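Only one structure is covered here, and it is reproduced in the block below.
A short reminder: the numbers here are calculations on the coordinates, not readings from a lab. Small disclaimer: the values here were computed from a predicted structure and weren't measured. Quick reminder, even Gly has a Cβ in these numbers, built from the backbone with ideal geometry, and neighbours come from all protein chains shown.
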């Protein structure tokens, strides 16, 4: 007996009291009526509105309903609710897509598989209710790839625990993932503080941020409003297992890509043309996972071997970031697009750059079949090429707990280690469920990465110290998020009694202030607001840290990777600025004048995640009592983003003795002629004594060499 033909009494026994009476009937599609909005309304974006309808069926059962909205008179429909329980209403936070041709459509499904639908009787209007420094809407941040409600929701990482965790912390995915910032991308307090300011500056820019940091909620259709207020607690899963292991290569390769990918890509409204900006394509099958192996026969879920998961391009999906509001002009400046419209292009060569880690790697010596010899990064590998080779080093072990799982020697350990030591520690204060052991392991791995990312070599002339910093990574050093992130050289000179004579780039850990003296070398990218955009947004030209308003790069002296090309880096929008590097050069040399009396130089290279200047900006410009204040309190209570020592070196230096004008290490009568030459013929002195510093004739210490130095020089001879 089928449910369709069951007597009414039987249906009552099953608790189905609102069903059709007993007896045969002719199947008919459900009757649906949209009640609201039904035409003529004016709705304000960001505010909640109730979409209401009725739906009946002669079976008495409505199996499910789906709700769609169109912003273009019915030409395209975006899902708001799919295959949901029929309640007759749905709360909708009106999307900021201004239009006078909006429609709602409700579709109902009955037990026979028949559908009925209704559409608003007339157009309704949507007006923007957003306020910001620029009048952006959701259209300004539209990007290709999978869209909200295109695919079955991502599963939270705890669904992976049973097979992929709690068996070997040295190699298992779960333990190592939870020691990385990937796991905390949704709850990172620095991100949240920057997110608040971005949304205030450019309405709906939050949608762009949510794509990566709240991908589960974004794909589930809960990114509206774009402040993240509709995100559910179980969706605070960062960059989750499911996102990466359901990711599809957007460029189909016959004979290489899984065959099913052709239909997945064909179903997209707008396929990606480039990697970056979280323009991901996600497999709609929520029981199927993808990975780099073709022998995962023990898996308890469906699986597909995916060459894409061995490629750096997968990482490039999120690690090349642009602002789609600003498009590159013919003079290499950036100007805002017409507002309330998508960007005309989505390539890294077309849009204002924020981060270019993938492009930096792409145009480096690492992007070759052999790669670069770097056993310090590769685990079981001596040569590294892709992002995964360094940030997921090869280890020996099993990828899951099952007894018959193969032991692999190229198992990618899910470290995702970068340079974040401070913020990982902060997450123990933010997330009560964070595993202290996993966090500490992650901190140790990040510290290891930093300590192997660069080396220092010291050399000197008679008057200067030369510090060479070499970058051993496959991208700029430092790379990634530019705001507040920096590296610097701390240089100290000591005399024979160990007295500090001079210091460049001194850092005070109590105040978190870095003293940038004229000789200080700070490696960083500084982005700001261009003069043209400044007039639009009402802020001074050169204002920094407004991430979504940044429209020019004012400085970028970060050290490029081995094999870099000036032309290529200029093409993707982040060439060196304020520094000169020859093609292929992966080092920088800085010269420091030797102070008089110095016998030893100590040089240290430091890395810092966030400067005091940036943390205070996030506090002062953010919402009072909001994420910026929370971040500041965490920062103040956790060492103020303490710098990490990356490399150090100590070297003896030629002693500069005032009065020793011929540089033989003594003050005697042999210095008289060179003293006279330094006094009367500086050019001739430089030719005669090329390894000496003329200022050693400055015997009165007033900063120049003149006749006032004669008596002090004679006194030195007499002593």
Going by Cα centres, region 673-719 and region 270-324 are how many Å apart? 69 Å
The alpha-carbon center of region 126-199 and that of region 221-265 are separated, in whole Å, by 10 Å
Quick check on region 427-566: take the gyration tensor over C-alpha atoms, sort the square-rooted eigenvalues as a ≥ b ≥ c, and tell me if it's rounded (a/c under 1.5), prolate or oblate. oblate
Degrees separating the helix 627-636 axis from the principal Cα axis of the chain, which is the longest one: 40 degrees
Can you give the direction-averaged projected area of the convex hull of the alpha-carbon atoms in region 564-719, in nm²? 15.9 nm²
All Cα pairs of the chain, percent lying beyond 47 Å: 32 percent
Tell me, how many Å apart are the Cα centres for region 461-478 and for region 30-54? 63 Å
Antiparallel bridges, percent of DSSP beta bridges restricted to the chain (to nearest 5): 90 percent
Crossing angle, helix 189-201 versus the chain [Cα axis fit, 0-90 degrees, rounded to tens]: 80 degrees
For residue 331 and residue 50, extending 7 Å from Cα along the Cα-Cβ vector and measuring point to point gives, in nm, a value of 5.6 nm
Computed over the chain: longest principal axis from alpha-carbon atoms vs helix 612-621 long axis, angle to nearest 10 degrees, is 40 degrees
Report relative contact order for region 669-718 in percent, whole number only (criteria: Cα-Cα under 8 Å, sequence separation at least 6). 27 percent
Let me have the 222 nm mean residue ellipticity of the chain computed from DSSP H runs of 4+ only, each contributing -39500 (n - 2.57), with the sum over all residues rounded to the nearest 500. -6000 deg cm²/dmol
Over the chain, what relative contact order in percent results from Cα pairs under 8 Å that are six or more residues apart? 10 percent
So for the pair residue 35, residue 714, with labels modelled 7 Å out along Cα→Cβ, what separation do we get in nm? 10.9 nm
Whole-number percent relative contact order across region 195-311, with pairs defined as alpha carbons under 8 Å at least 6 apart: 20 percent
Taking square-rooted eigenvalues a ≥ b ≥ c of the alpha carbon gyration tensor, is region 26-127 rounded, prolate or oblate, where a/c under 1.5 means rounded and, failing that, a/b exceeding b/c means prolate? prolate
Starting from the 7 Å offset along Cα-to-Cβ, what nm value, one decimal, do you get for the label separation of residue 227 and residue 76? 2.7 nm
